[in-house]
1. Out of region 27-39, which residues are in contact (Cβ under 8 Å) with a residue 40 or more places away in the chain and not charged (D, E, K, R)?
2. For residue 97, all conditions in the list (1) free of Cβ contacts under 8 Å to residues at least 40 places away in the same chain; (2) under 21 Å from residue 9 (Cβ atoms) hold save one; what is the number of the exception?
3. What single numbered condition from (1) modelled with pLDDT under 95; (2) not in a loop (DSSP other than H, G, I, E, B) fails to hold for residue 101?
4. Could you check region 12-94 for strands (runs of 3 or more DSSP E) lying wholly inside it with 1 or more residues that are at pLDDT below 95, farther than 20 Å from residue 113 by Cβ and of a type in the set (A, V, I, L, M)?
5. Just checking, does region 74-87 include any residue being of a type in the set (A, V, I, L, M, F, W, C) and within 17 Å of residue 12 (Cβ to Cβ)?
6. Between residues in region 135-148 that are free of Cβ contacts under 8 Å to residues at least 60 places away in the same chain and charged (D, E, K, R) and residues that are exposed (fewer than 14 other Cβ atoms within 10 Å of the Cβ) and not in a loop (DSSP other than H, G, I, E, B), which pairs lie under 7 Å by C-beta distance while being six or more apart or on different chains?
7. Just name the residue that is nearest to residue 108 (Cα to Cα) out of those in region 8-32 that are over 15 Å from the mean Cα position of the chain (by Cα) and crowded, with 16+ Cβ neighbours inside 10 Å.
Amino acid sequence: MVARPPIPDPPYDGGCLCGAVRYRLVARPQTMTACHCDACKKMSGGTNILVITTPADNFLHLKGEVERYRRTAASGRQSDVVRCALCGTRLWHEPQSFAIVTIAAGTLDDPHWVVPAIHIWVEKALPGALMHEDALKFEGQPARDIQIAALTAIYGDGP
């Protein structure tokens, strides 16, 4: 099993590969999720993507030009995929149906503490994907409150 480092106190800073875009998360994340859906695999180029989510009010886009791609899921829900306009790094998503931001954990300056509390779309997982023993696993996408509860069950309520 992968050791779970503690979630450090905020803020958490991040940005793109070339450094043109910078952002800050000013509160503890609500979720830490590994998504194995086909879209996330395609957009990340990996077996899954590891993301953290936060209410939009806790997220600050500090600098840099971004480009948005509005993606429509099979459910009909739409989300803006936000990338650096210069290097193309996929940074965060802005779902249109919720006031949240979903941040690609690998874009944090220090992502070592992000270990998923939940794996979603596991029926689409590739054989090489790592599944954490203590994380909840779901076919499809569970409701946000279930994802939030998974993080709380493993890490507690936090600061």
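1. Those that are in contact (Cβ under 8 Å) with a residue 40 or more places away in the chain and not charged (D, E, K, R): 29, 30, 31, 32, 33, 34, 35, 36, 37.
2. For residue 97, the failing item is (2).
3. Single failed check for residue 101: (1).
4. Values: elements: 12-15, 22-25, 31-35, 49-55, 59-63, 66-72, 78-84.
Of the strands (runs of 3 or more DSSP E) lying wholly inside region 12-94, those with at least 1 residues that are at pLDDT below 95, farther than 20 Å from residue 113 by Cβ and of a type in the set (A, V, I, L, M) span 59-63, 78-84.
5. Restricting attention to region 74-87, the residues satisfying the condition of being of a type in the set (A, V, I, L, M, F, W, C) are 74, 81-82, 84-87.
Next cut, within 17 Å of residue 12 (Cβ to Cβ) only: 82.
Yes, some residue in region 74-87 is of a type in the set (A, V, I, L, M, F, W, C) and within 17 Å of residue 12 (Cβ to Cβ).
6. Matching pairs, first to second residue: 139/123.
7. That would be 22.
The values are calculated or read from the model by the stated rules, or taken from the named source; none is laboratory data. Please read all numbers here as calculations on a predicted model, not as lab measurements. All Cβ positions, even for glycine, are placed from backbone atoms using ideal geometry, and neighbour counts span all protein chains on display.
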